[in-house]
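**Q** Have a look at this one before I ask anything.
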């Protein structure tokens with residue numbers, strides 16, 4: 001499992017939506033460490049929490065597969081380490097370039113073209129994951145209807161302007177799926193939802209493969225030193241206390257600029273729903289407007305974060321590196337820890353609560369509906385991206401026509417779904433395409 005997370009940290013290009021596809025390939029298709037029910041349950045929980053969804057998902061899956069909280073932290077660290085080191089190095093490099101010692105034109109051009117070619121990669125990977133999950137989570141008329149209606153909800157919601165509440169729109173299909181499960185799936189004998197998060201005691205559904213990790217999970221949980229209720233309460237207390245301290249530092253302008261930068265990063269990690277692209281305006285508000293980070297550095301770092309493997313929230317390493325020198329190195333590492341910490345604390349609080357309801361029939365029925373809705377949500381995301389890909393300038397910024405990217409998305413899906421080639425091959429082709437278009 002450690003090797004898988006180290007590999008994911010180096011190869012998870014494409015942003016948070018694509019990461020979900022990589023996880024499913026690594027944890028379900030290649031190793032059978034999880035099944036689609038457990039995977040979708042954790043995805044729904046992470047989607048409903050503020051923070052970086054894909055990183056929270058990485059932590060929750062590692063916790064589920066190992067049964068050990070300590071190993072989950074190790075796996076999350078391995079996943080975050082490559083992106084943190086790359087962005088920290090780029091941040092220090094950017095400082096040197098700004099002083100006139102180095103040039104950034106070639107690097108920025110490559111990153112721009114790489115962002116363009118990441119779009120078809122994301123579409124192919126997430127569509128492949130959606131099709132695979134649909135085979136196990138959208139079985140039966142009730143689940144299929146839930147998936148289709150959730151698909152439609154995700155596509156229709158952006159047509160209305162909800163103002164500041166727009167960030168909560170992603171919760172709508174999840175809540176809808178839970179309601180559909182309660183209404184139509186509670187009495188179905190086939191509702192078999194895995195909920196063997198830490199603290200639960202269920203067994204795999206009939207016919208599901210049982211891996212060595214799954215067989216040893218119950219024993220691993222027994223060795224956990226913290227009870228689920230204590231873990232939930234202590235995690236919520238830590239999350240709330242740190243958030244209150246961060247808000248006080250920001251509102252009352254307390255402490256030096258370095259402390260305010262860390263407080264702003266913690267606030268962003270605590271209050272943002274949905275992933276890296278949503279965090280942009282909040283980081284701009286708490287870091288750029290007060291003058292803690294230059295506007296040019298912020299925009300450049302965010303662009304770099306979108307073009308490298310790993311989560312976009314790792315942009316905190318780039319922003320910390322803007323200080324330069326040893327202090328910038330330390331601040332970049334601290335900033336990375338601070339921006340991801342609130343999301344991890346919330347997962348630690350919510351997963352045991354979910355496990356405590358695992359034997360409740362209504363909860364299991366609602367979870368069946370939520371899992372079916374997750375399939376619709378992912379499918380709608382891939383469909384929206386593919387639709388936008390046809391619009392010049394919407395997703396592809398450095399080409400006169402998006403047709404090469406449209407073709408790449410279709411070819412990528414064919415390679416994954418029909419030829420069953422590994423995603424690593426698509427990543428290699430994406431990097432090659434970005435290099436060629438940069439040189440041309």
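Each value in this text was obtained by applying a stated rule to the coordinates, not by laboratory testing. Predicted model only: the values in this text are computed from it and were never measured. Because the Cβ atoms are built from the backbone with ideal geometry, glycine has one as well, and the counts that use them run over all protein chains shown.
Table: residues versus (1) surrounded by fewer than 19 Cβ atoms within 10 Å (Cβ to Cβ); (2) in contact with a helix residue (DSSP H, G or I) (Cβ under 6 Å, 6 or more places away or on another chain); (3) within 23 Å of residue 19 (Cα to Cα).
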{"residue": "342", "(1), (2), (3)": "no, yes, yes"}
{"residue": "384", "(1), (2), (3)": "yes, no, yes"}
{"residue": "395", "(1), (2), (3)": "no, yes, yes"}
{"residue": "406", "(1), (2), (3)": "yes, yes, yes"}
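**Q** Working only within segment 251-276, note down all residues that are touching a helix residue (DSSP H, G or I) at 6+ places or on another chain (Cβ under 9 Å) and surrounded by fewer than 19 Cβ atoms within 10 Å (Cβ to Cβ).
**A** The answer is 253, 254, 255, 258, 259, 271, 273.
**Q** Could you check residue 333 against (1) over 17 Å from the mean Cα position of the chain (by Cα); (2) over 29 Å from residue 156 (Cα atoms); (3) crowded, with 21+ Cβ neighbours inside 10 Å and say which number it fails?
**A** (3)
**Q** Further question: Working only within segment 112-147, note down all residues that are touching a residue at least 12 places away in the same chain (Cβ under 8 Å), surrounded by fewer than 23 Cβ atoms within 10 Å (Cβ to Cβ) and more than 23 Å from the chain's Cα centre (by Cα).
**A** Of everything in segment 112-147, those that are touching a residue at least 12 places away in the same chain (Cβ under 8 Å), surrounded by fewer than 23 Cβ atoms within 10 Å (Cβ to Cβ) and more than 23 Å from the chain's Cα centre (by Cα) turn out to be 139, 140, 142, 144, 145.
One line per residue, one yes/no per condition, for (1) within 16 Å of the chain's Cα centre (by Cα); (2) surrounded by fewer than 22 Cβ atoms within 10 Å (Cβ to Cβ); (3) under 19 Å from residue 128 (Cα atoms); (4) without any contact (Cβ under 8 Å) to a residue 60 or more places away in the chain:
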position: 19; (1), (2), (3), (4): yes, no, yes, no
position: 55; (1), (2), (3), (4): yes, no, no, no
position: 82; (1), (2), (3), (4): yes, yes, no, no
position: 85; (1), (2), (3), (4): no, yes, no, no
